[in-house]
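K.L.:
Pasting a structure here, questions to come.
None of the figures in this text is laboratory data; all of them are computed from the coordinates on show. No experiment lies behind these values; they were computed from the predicted model shown. In this analysis, Cβ positions are derived from the backbone assuming ideal geometry, glycine residues included, and neighbour counts consider all displayed protein chains.
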Amino acid sequence: MCQTVICCRVTPLQKAQVVKVVKKYKQAVTLAIGDGANDVSMIKTAHIGVGISGQEGMQAVLSSDFSFAQFRYLQRLLLVHGRWSYLRMSKFLRYFFLKNFTFTFVHFWYAFFCGYSAQPVYDDWFSTCYNLVYTALPVLALSLFDQDVNGRWSFYYPKLYIPGQQNMYFNKKSFLLCMMQSCYNSLVLFFVPYGALHDTVRQDGRDITDYQTFALLLQTCLIIVVNTQMFLDTWYWTGINHFFLWGSMAAYFALTFTLSSNGLFFIFPTMFQFLGTGRNSLNQPNTWLIIFLACLLCILPVVALRFIFLQTSPTINDKVRYKMRRDEVPAISPRRPATRRVSTRSSYAFSHSQGYGDLVTSQKFLGKKTPRRPLLFGQKEHPLGENQPQLFRTITEESEEQQSP
Amino acid sequence: MMASSYNAKEEDGHHSGSSSHGGPGAMKSKKPDNTAFKQQRLPAWQPILTAGTVLPAFFVIGLIFIPIGIGLFVTSNNIKEFEIDYTGVEVDSPCYNCAKNFSWNSTSSCLCSVNFTLDQPFESNVYMYYGLSNFYQNHRRYVKSRDDSQLNGVESNLRQPSKECEPYRTSEGLPIAPCGAIANSLFNDTLTLYYYPQNGTKLPVPLTKKGIAWWTDKHVKFRNPGGSANLSIAFQGTAKPVNWRNPVYQLDEDPENNGFINEDFIVWMRTAALPTFRKLYRIIQKKPNTTPTLSSGKYVLEITYNYPVLSFDGRKRMILSTISWMGGKNPFLGIAYITVGSICFFLGVVLLIIHHKYDTRSNSAEIPN
């Protein structure tokens with residue numbers, strides 16, 4: 001079955017039609033790359049359009065989603081940046097759903113104990129600041145800087161690209177798993193403090209099961225669990241990641257103590273009702289034991305499951321990461337084809353699956369000795385039909401070839 | 001399938017320099033800076049889950065949690081607690097008549113007494129709590145029905161309480177002080193304890209009513225209006241809450257415990273998180289010599305039954321409890337720690353077996369190229 005198609009002498013409209021056909025019948029994500037004005041319709045039709053800026057002018061660049069100067073940069077775009085982008089996006093989405101579902105499901109369990117009156121289980125200020133201040137920056141840093149494998153190793157193992165093609169990181173199944181994890185987290189986050197604070201008091205005999213202490217405890221547990229999950233999810237810890245994550249935790253404690261301080265209470269008594277809650281509850285060893293237990297109970301299953309999957313069925317991603325860590329030397333730079341002539345095509349259509357790609361790129365049919373082939377169309381005046389070496393105009397600096405006649 | 005590629009870096013600069021139009025200096029290069037930040041090469045720590053980190057972590061957590069759990073469990077078991085339900089639901093309970101004949105208009109209070117025996121003496125400070133069940137102090141409309149500015153002594157809110165207090169905001173045209181449903185439902189049973197020593201005459205057990213509320217509540221959050229001057233003048237022009245028998249400036253004779261800063265009132269205003277809760281009522285201070293605070297023997301609890309709970313199927317109880325460094329008697333945390341520690345340890349063993357079985361296989365696994 002034909003897996004590679006080469007179309008030449010096509011009009012711009014036909015180029016766009018080829019892309020449309022692939023989009024419609026193969027249900028695949030299409031990428032079109034071109035450098036001239038005649039490639040514009042193809043670039044616009046494909047899902048991703050890439051323009052090459054150079055000899056042919058800026059038309060292709062102006063209508064494309066990505067543009068660069070040389071065709072070979074496409075490799076880096078796909079294998080390194082595209083892959084990283086997919087990884088970051090999937091991690092971001094999963095984490096965002098996880099933290100917000102966990103935040104919300106706790107209210108579901110609390111409803112059974114508050115007369116179904118929709119009493120929020122957190123402080124109002126916490127609910128306001130949760131997505132804005134306490135958990136915004138770490139996830140931003142994750143989606144800007146995260147990498148699983150660095151650029152050089154991405155080139156060396158192109159199979160790392162497969163998870164993106166097969167949509168393995170964020171699909172219905174992973175979304176469902178994320179929801180189940182949130183459900184479990186919310187159960188732990190509610191029922192562990194509930195059981196531990198039920199009918200108990202402080203060290204000095206005073207109240208600890210009041211609403212404000214309960215809210216503060218649940219908030220603190222939630223923040224720590226969610227940030228620990230971020231700790232497990234981040235694979236590439238730059239200084240910025242560290243600063244954002246630990247800074248958010250510190251900001252949480254700082255803001256909590258500030259919002260329950262005396263000063264703010266005197267200015268706006270009805271808005272800052274949680275006066276003294278931080279001081280009175282977080283100095284109890286009981287509270288910290290509860291927080292410790294709840295956080296570990298949420299995190300350990302995740303760690304255990306990940307480890308089990310890592311050991312029993314490691315993905316190629318995991319294997320390369322282990323190798324990267326073990327070897328500690330940069331990947332061997334891929335072998336340079338020493339005697340091969342550089343010829344960079346400027347636009348053609350090809351499919352991504354294994355097929356005749358090697359045949360095309362190895363230029364076997366352009367070699368000095370070309371076996372005589374039966375003509376398909378019987379057009380003797382056609383250059384291919386005459387089996388003359390095909391000469392292409394290149395835009396590399398090593399181009400020694402002349403313009404095609 | 002290996003993609004063929006060329007060495008990226010050196011040819012980058014060369015190419016874009018040469019492929020720019022015009023002379024070498026005519027157009028500014030659009031090449032992005034070759035800094036670590038922009039080229040995503042920032043130095044970073046790249047952790048991965050290896051057996052060397054995960055397995056010891058599980059074992060260490062297991063080994064830490066189990067002793068903590070045992071300590072917590074033993075501490076909780078050593079706390080002595082005694083509870084009596086005095087709602088008066090059964091016909092043969094002492095407070096049955098009080099509960100049945102409760103009416104809002106009665107001028108005289110109903111008294112009932114409950115006899116009980118303590119099998120073991122209670123050492124050190126003993127704390128006396130009243131507990132309520134099926135009482136939803138955490139209902140949303142209830143929780144917001146208060147005016148913290150008024151309770152902080154702000155004069156303007158004393159005369160014009162906040163709208164959140166509706167419908168307990170005004171009564172007979174006068175503003176209610178303290179307003180709101182929380183204040184209105186103040187627990188007003190009086191509990192006193194008497195001890196029957198060997199020779200028969202009953203002795204009252206001394207109960208302290210100071211020091212039962214949070215320090216920040218008593219000294220910062222709740223303030224009387226108009227300073228510590230005559231409270232009945234300060235509260236002139238306000239009405240008492242609908243369900244109270246006495247106005248707020250008659251809660252106690254001691255001026256330090258009167259008005260909004262009455263500690264029983266403060267304790268009640270700190271709304272509970274769950275429908276079954278206990279609130280500190282009195283403290284029985286420990287005796288200076290080595291006699292136990294509450295010796296074992298016969299006691300009687302005398303109750304002024306003012307608080308009706310049967311209409312919503314609630315229950316009232318009195319609890320006597322000692323305290324430890326972890327608070328009251330609650331074995332949950334101890335049991336939870338022991339369980340989680342054991343599961344962790346067991347999981348560590350399981351993961352060790354899995355690692356042993358599969359690691360030899362994955363070490364020799366080739367990465368397809």
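K.L.:
If you count, for every residue in B:268-279, the Cβ atoms of partner chains within 10 Å of its Cβ, what is the mean?
P.N.:
Values: counts 0, 1, 8, 3, 6, 19, 11, 4, 4, 7, 6, 5.
Shielding by partners across B:268-279 averages 6.
K.L.:
Could you name the lysines whose alpha carbon sits less than 19 Å from that of B:Lys202, not counting residues in the same chain fewer than 8 places away?
P.N.:
Within the straight-line cut-off, B:Lys202 pairs with B:Lys287, B:Lys298.
K.L.:
Let me ask you something else. Less than 28 Å apart at the alpha-carbon level, and either on another chain or at least 8 residues along: which lysines does that give for B:Lys28?
P.N.:
Leaving aside lysines fewer than 8 places away in the same chain, those within reach of B:Lys28 are B:Lys9, B:Lys38.
K.L.:
Now for a separate question. Please compute, for peptide A:145-156, the average count of beta-carbon atoms on other protein chains lying within 10 Å of each residue's beta-carbon. Intermediate values should be presented prior to the final figure.
P.N.:
Values: counts 4, 2, 5, 2, 1, 4, 4, 1, 0, 0, 5, 5.
Going residue by residue through A:145-156 and averaging, the value is 3.
K.L.:
Separate question: Counting Lys and Arg as +1 and Asp and Glu as -1, each charge on the Cβ, what is the dipole of segment B:241-369 about the Cα centre in debye, to the nearest 20? Don't jump to the answer; show the numbers that get you there.
P.N.:
Working: 14 positive and 10 negative charges, 102 e Å.
Value, rounded to 20: 480 debye.
K.L.:
Give the distance, in whole Å, between the Cα centre of segment A:80-156 and the Cα centre of segment B:302-353.
P.N.:
Each part's Cα centre sits 32 Å from the other's.
K.L.:
Right, next: Quote the relative contact order of chain B in percent (integer), defining contacts as alpha-carbon pairs under 8 Å separated by 6+ residues. Could the numbers behind the result be given before it?
P.N.:
Values: 593 pairs, mean separation 119.5, N = 369.
Value for chain B: 32 percent.
K.L.:
Please compute the modelled spin-label separation between A:Asp65 and B:Tyr96, points set 7 Å along Cα→Cβ, answer in nm with one decimal.
P.N.:
8.0 nm
K.L.:
Starting from 0.36 nm per residue, how many nanometres of slack lie between A:Phe266 and A:Trp288 once their C-alpha separation is accounted for?
P.N.:
Values: separation 22, 0.36 × 22 = 7.92 nm, distance 2.89 nm.
Going from the current span to full extension adds 5.0 nm.
K.L.:
Additional query: Just how far, in whole angstrom, is segment B:228-275 from segment B:85-133 if you go by their alpha carbon centroids?
P.N.:
Cα centres, segment B:85-133 to segment B:228-275: 24 Å.
K.L.:
Still on this model: For segment B:22-135, with the dipole built from +1 on Lys and Arg beta-carbon atoms and -1 on Asp and Glu ones, taken about the Cα centre, which of B:Cys95, B:Ser29, B:Val60 lies farthest toward the positive end?
P.N.:
Ranked along the dipole, the leading option is B:Ser29.
K.L.:
Say the dipole of segment A:12-69 comes from +1 at the beta carbon of Lys and Arg and -1 at that of Asp and Glu; which of A:Ser41, A:Ser63, A:Gln17 then lies farthest toward its positive end?
P.N.:
Farthest towards the positive end: A:Gln17.
K.L.:
Using a cut-off of 23 Å between alpha-carbon atoms, which lysines can reach B:Lys357, once sequence neighbours fewer than 8 places away in the same chain are excluded?
P.N.:
The reachable lysines, counting only those whose Cα sits under 23 Å from B:Lys357, are A:Lys319, A:Lys323.
K.L.:
Still on this structure, I have one more. Could you list, by residue number, the cysteines of chain B that have no other cysteine's beta carbon within less than 4.7 Å of their beta carbon?
P.N.:
Flagged as lacking a Cys partner: B:Cys344.
K.L.:
Which loop-located GluC sites (Glu not before Pro) does segment B:240-331 contain, where loop means any DSSP state but H, G, I, E or B and the Cβ has at most 15 other Cβ atoms within 10 Å?
P.N.:
Working: sites: B:Glu253, B:Glu256, B:Glu263, B:Glu302; in loops: B:Glu253.
Listed in order of number, the matching sites are B:Glu253.
K.L.:
Next question, about the same structure. So which of B:Lys209/B:Lys286; B:Lys210/B:Lys279; A:Lys24/A:Lys91 end up more than 22 Å apart by C-alpha?
P.N.:
Working: B:Lys209/B:Lys286 14 Å; B:Lys210/B:Lys279 14 Å; A:Lys24/A:Lys91 29 Å.
Distance filter (> 22 Å) returns A:Lys24/A:Lys91.
K.L.:
Given contacts defined as C-alpha pairs under 8 Å and at least six residues apart, what's the relative contact order of segment A:76-326, whole-number percent? Working shown, then result.
P.N.:
Details: 218 pairs, mean separation 70.1, N = 251.
Relative CO of segment A:76-326 lands at 28 percent.
K.L.:
Given charges of +1 on the Cβ of Lys and Arg and -1 on the Cβ of Asp and Glu, with all other atoms neutral, how large is the dipole of segment B:117-159 about its Cα centre, in debye to the nearest 20? Show your work: numbers first, answer last.
P.N.:
Details: 5 positive and 5 negative charges, 91 e Å.
Using only the charged Cβ atoms, the result is roughly 440 debye.
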